[in-house]
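*Asks:* Have a look at this one before I ask anything.
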Amino acid sequence: MLTTRPRGTNDFLPGETEKWQYVENVLRTICKDFGYQEIRTPIFEHTELFQRGVGETTDIVEKEMYTFTDKKNRSLTLRPESTASTVRAYLEHKLYALPQPVKLYYIGPMFRYEKPQAGRFRQFHQFGVEVFGSSDPGLDAEVIGLAMGIYHRLGLRGLEVHMNSVGCPQCRPKHKEMLQEFLKKDFASLCPDCRGRYERNPLRILDCKNEKCQEITAYAPTILNCLCPECREHFDKVKHYMEISGIKYLIDERLVRGLDYYTKTAFEILVNEIGAQSAICGGGRYDGLIDSLGGPPIPGVGFALGMERIFPALESQGISLALESPLDVFVVTLGDEAGKKGFQILMDLRMEGIKAEKDYLGRGLKAQMKTADRMKAKYAVIIGENELDRGIGIIRNMETSAQQEMPLDQAVDWIKRQY
Ligand code: HAM
């Protein structure tokens, strides 16, 4: 127990964390290019925020939240997603008083009590964006473009954007009625979950993974046939903007998201190679959410992508990230006095922003050179007793094996000039 991590969580070890940092750099850079600013909210929030925000009848709220009471008996929940938290912060800090739209992004861990499997964890990481304050369909296309831009910069190809419109409170009741009417005769054959959904949230039945339910709903009326004129016009414009930006997409009339706040556009980005958990990104518009959390009627749109799902996708396409070379200089020393001088040079190099390392295990010359090699150092600075007496060191170019003697007090400057 003491040496085993909780089920569904991960340790990211050196070697892997560099890859995460690389991806995080890409995310931050693209957000700068698109004009999104970072927001950081707490890991836990009042439980009610997610109940009201994500929706009482969703799997997330019904089954998957890590909820606990604190010492003052307040109910708190580890965030299962960040849209509700971002809206809460937007309202709490009155960001609606700023020039709109407000464009935010976040990176961080989320928590859902799900059945762990490949690509599905109980603690996982999302990068997401949220745009508040405009109902312009161009923004729906902008956020999809931002997500695709990330995958493109990472080198991923062959992704599919699936889009749908899930309507609004005007057009959904009509669809709900038609759907219930259609499903009535097969009610008894639906899975227990879907029988529960029939009254409360029949739209979710379209998203059920149960084979029998999928069979029953194969020809169910879709929301696209029921859209009100405003939702239809919005969806047409989103598609148009997608075409202008050159992003290919598929209309998936059965696309239903697992969170209740969506209105109008809903989308997912899928990659085929990573197996069952092929949704690497999901999002959409939520024009009623801010209102329902006690704010003004302000529209919003955004998405979140699963960071853990990026790496298997990269691997399956044979893409290795261009990680930086690990080391500039390895300082090799022999004997105590040379060791001290070497330590000084080591620290001076680092203060100058040069990545440097030395031996701390008292190894001999050969073993130290081997370590320098293994760490892919560009240079080795070699100081033996002999060299120390003469005030010099040997600088070896590890790639070409060329060596030169250099006064020790000039070594740091010389190396600095090579960069
Ligand atoms: P979501 O579809 O629940 O949406 O999650 C978004 C993405 O997070 C998924 O496509 C998937 O890549 C990743 N993800 C979800 N659950 C797990 C898990 N258990 N393990 C690993 N990865 C996972 C949301 O969370 C919305 N807040 C997105 C959004 C933002 N909509 C509007 N704004």
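*Asks:* Between ASN397 and GLU273, what FRET efficiency follows from the Cβ-Cβ distance if R0 is 45 Å, with the result rounded to 0.05?
*Replies:* Calculated value: 0.65.
*Asks:* Filter the cross-link list LYS63/LYS103; LYS355/LYS416; LYS341/LYS366 down to pairs whose alpha-carbon distance in this structure exceeds 22 Å.
*Replies:* LYS63/LYS103
*Asks:* With the convex hull built on the Cα atoms of the chain, state its orientation-averaged projected area in nm².
*Replies:* The directionally averaged projection comes out at 27.2 nm².
*Asks:* Using a 10 Å cut-off on Cβ atoms, rank the peptides 243-250, 285-292 from the highest mean neighbour count down.
*Replies:* 285-292, 243-250
*Asks:* How do the peptides 300-309, 357-366 rank, highest first, by the average count of neighbouring beta carbon atoms within 10 Å per residue?
*Replies:* Details: 300-309: 22.7, 357-366: 12.7.
Result, highest mean first: 300-309, 357-366.
*Asks:* When the chain is fully extended, how far beyond the present Cα-Cα distance does ASP336 get from GLU24, taking 0.36 nm per residue of separation? Before the final figure, lay out each step's value.
*Replies:* On the way: separation 312, 0.36 × 312 = 112.32 nm, distance 4.22 nm.
Fully extending the segment from ASP336 to GLU24 adds 108.1 nm.
*Asks:* Taking θ as phi - 60°, what are the ³J(HN,Hα) couplings along the stretch 104-121 by the Karplus curve (6.51, -1.76, 1.60), each to the nearest whole Hz, with x for Gly and Pro?
*Replies:* Taking θ as phi minus 60°, the curve returns 10, 9, 8, 9, x, x, 10, 9, 9, 7, 10, 6, x, 7, 3, x, 10, 10 Hz for the stretch 104-121.
*Asks:* Would you mind checking which residues have amide H under 5 Å from MET398's amide H? H placed 1.01 Å from N; only 5 or more apart, or other chain.
*Replies:* Close amide H contacts, sequence-distant or interchain: TYR379, ALA380.
*Asks:* Could I ask something else about it? Pairing the Cα long axis of helix 365-374 with the longest principal axis of the chain, what angle in degrees results, from 0 to 90 and rounded to the nearest 10?
*Replies:* 30 degrees
*Asks:* Moving on. Taking square-rooted eigenvalues a ≥ b ≥ c of the alpha carbon gyration tensor, is the stretch 329-414 rounded, prolate or oblate, where a/c under 1.5 means rounded and, failing that, a/b exceeding b/c means prolate?
*Replies:* On the way: a/c = 1.20, a/b = 1.07, b/c = 1.12.
Because its axes are fairly even, with a/c under 1.5, the stretch 329-414 counts as rounded.
*Asks:* With both bridge residues required to lie in the stretch 329-414, what share of the DSSP beta bridges run antiparallel, to the nearest 5%? Each step should come with its number before you reach the end.
*Replies:* On the way: 9 of 17 bridges.
The antiparallel fraction comes to roughly 55 percent.
*Asks:* So how long is each side of the stretch 1-121 along the principal axes, counting just the alpha-carbon atoms, biggest first, in Å?
*Replies:* 51, 41, 28
*Asks:* Taking H placed 1.01 Å from N in the peptide plane, check which residues at least 5 places from VAL332 or on another chain put their amide H under 5 Å from its amide H.
*Replies:* VAL381, ILE382, ILE383
*Asks:* To continue, here is another question. Once the Cα atoms of helix 137-154 and of the chain are each reduced to a long axis, what angle between those two axes, in degrees from 0 to 90 to the nearest 10, is obtained?
*Replies:* Roughly 30 degrees between the two axes.
*Asks:* Measuring from label point to label point, each 7 Å out along Cα→Cβ, what is the SER134 to ILE251 span in nm?
*Replies:* About 2.6 nm, to one decimal.
*Asks:* Grab the other residues whose beta carbon is less than 12 angstrom from that of TYR241, score K and R as +1, D and E as -1, and report the net.
*Replies:* With Lys, Arg at +1 and Asp, Glu at -1, the net is -3.
*Asks:* Round to a whole angstrom and tell me the spacing of the C-alpha centers of the stretch 290-355 and the stretch 70-112.
*Replies:* 26 Å
*Asks:* If one takes the longest principal axis of the Cα atoms in the chain, at what angle in degrees, from 0 to 90 and to the nearest 10, does the Cα axis of helix 83-92 lie?
*Replies:* 90 degrees
*Asks:* Determine the shape class of the stretch 262-328: with a ≥ b ≥ c the square roots of the Cα gyration tensor eigenvalues, call it rounded for a/c under 1.5, and otherwise prolate if a/b is greater than b/c, oblate otherwise.
*Replies:* Taking the square roots of the gyration eigenvalues as a ≥ b ≥ c, the stretch 262-328 is oblate.
*Asks:* Right, another one. Each residue of the stretch 17-22 in turn: what ³J(HN,Hα) in whole Hz from Karplus with 6.51, -1.76, 1.60 and θ = phi - 60°, glycine and Pro shown as x?
*Replies:* Using θ = phi - 60°, the values come out as 4, 4, 5, 4, 4, 4 Hz.
*Asks:* Using the Karplus curve 6.51 cos²θ - 1.76 cosθ + 1.60 with θ = phi - 60°, work out ³J(HN,Hα) for each residue of the stretch 197-213 in order, rounded to whole Hz, and write x for Gly and Pro.
*Replies:* So the Karplus estimates, Gly and Pro as x, are 6, 3, 7, 7, 7, x, 4, 5, 5, 5, 9, 5, 8, 5, 4, 4, 4 Hz.
*Asks:* Please list, in chain and number order, the residues 5+ apart from THR265 or on another chain whose amide H is under 5 Å from its amide H, with Hs placed from the backbone.
*Replies:* VAL166, ARG285
Any read-out appearing in this document is the output of simple, stated calculations on the displayed coordinates, not a laboratory observation. Predicted, not measured: the structure shown is a model, and the values here were computed from it. Cβ: placed from backbone, ideal geometry, glycine included. Neighbour counts: every protein chain shown.
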